[in-house]
Amino acid sequence: MADTNDKSKKQLEHLLLICNDGIEGYKKAADQSKGIEFTTLFTDYVIQRTGYANELKEQIKALGGDSDNQTGGTVGVLHRLWTDIKYKLSSDEEQVALEACIQGEKAAIAAYDEVLADAADLTSELTELIQDQRDGIERALIKAEQLMRVYS
């Protein structure tokens, strides 16, 4: 059982890093956005990801882990750095933000799918939580793709 808990903790910690990356990315996008529609959208996603992160932290603690020191990962930092460079080179910040959003959401969905594909050791409660979060991220992706079509 200890091995199962350790594996589950590691999976949840990985998803928490992804949520934290999303929070940081969306905060930056909201701050740099000039349009109220985009600022509101990105702020809504900060709130969503903060909720997801809090849910994951609760589950990590329930498994005996320490989630207080989980910050974003290196890939997220590099992604935000690249997005910053694109912002500086572009006259259309919203389009750059949407492109970054779409790329980040696809990566997040892939990470969630990977955990769900290896969910044999997860409880049904954890599997349901992860699936619900994944579905919320997919809805965010669909919204971003729709906005990209409108504003492109």
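The values are calculated or read from the model by the stated rules, or taken from the named source; none is laboratory data. Keep in mind that what you see is a predicted model, and the values were worked out from it rather than measured. All Cβ positions, glycine included, derive from the backbone under ideal geometry; neighbour counts span all protein chains shown.
Things to note:
- Residue satisfying all of: in region 75-101; surrounded by fewer than 18 Cβ atoms within 10 Å (Cβ to Cβ) and modelled with pLDDT of 75 or more; nearest to Ser8 (Cα to Cα) among these: Glu99
- Single condition Ala62 does not satisfy, out of (1) modelled with pLDDT of 90 or more; (2) exposed (fewer than 14 other Cβ atoms within 10 Å of the Cβ): (2)
- Pairs where the first residue, in region 114-132, is in contact (Cβ under 8 Å) with a residue 40 or more places away in the chain and the second is surrounded by 11 or more Cβ atoms within 10 Å (Cβ to Cβ) and among the basic types (Lys, Arg), C-beta under 8 Å, 6+ apart: Asp121/Lys7
- Residue, nearest to Lys28 (Cα to Cα), within region 95-129, restricted to residues that are of a type in the set (Val, Ile, Thr) and in contact with a helix residue (DSSP H, G or I) (Cβ under 6 Å, 6 or more places away or on another chain): Val96
- Lone unmet requirement of (1) closer than 17 Å to Gln11 by Cα; (2) surrounded by 15 or more Cβ atoms within 10 Å (Cβ to Cβ); (3) modelled with pLDDT of 85 or more; (4) not aliphatic (A, V, I, L, M) for Gly72: (3)
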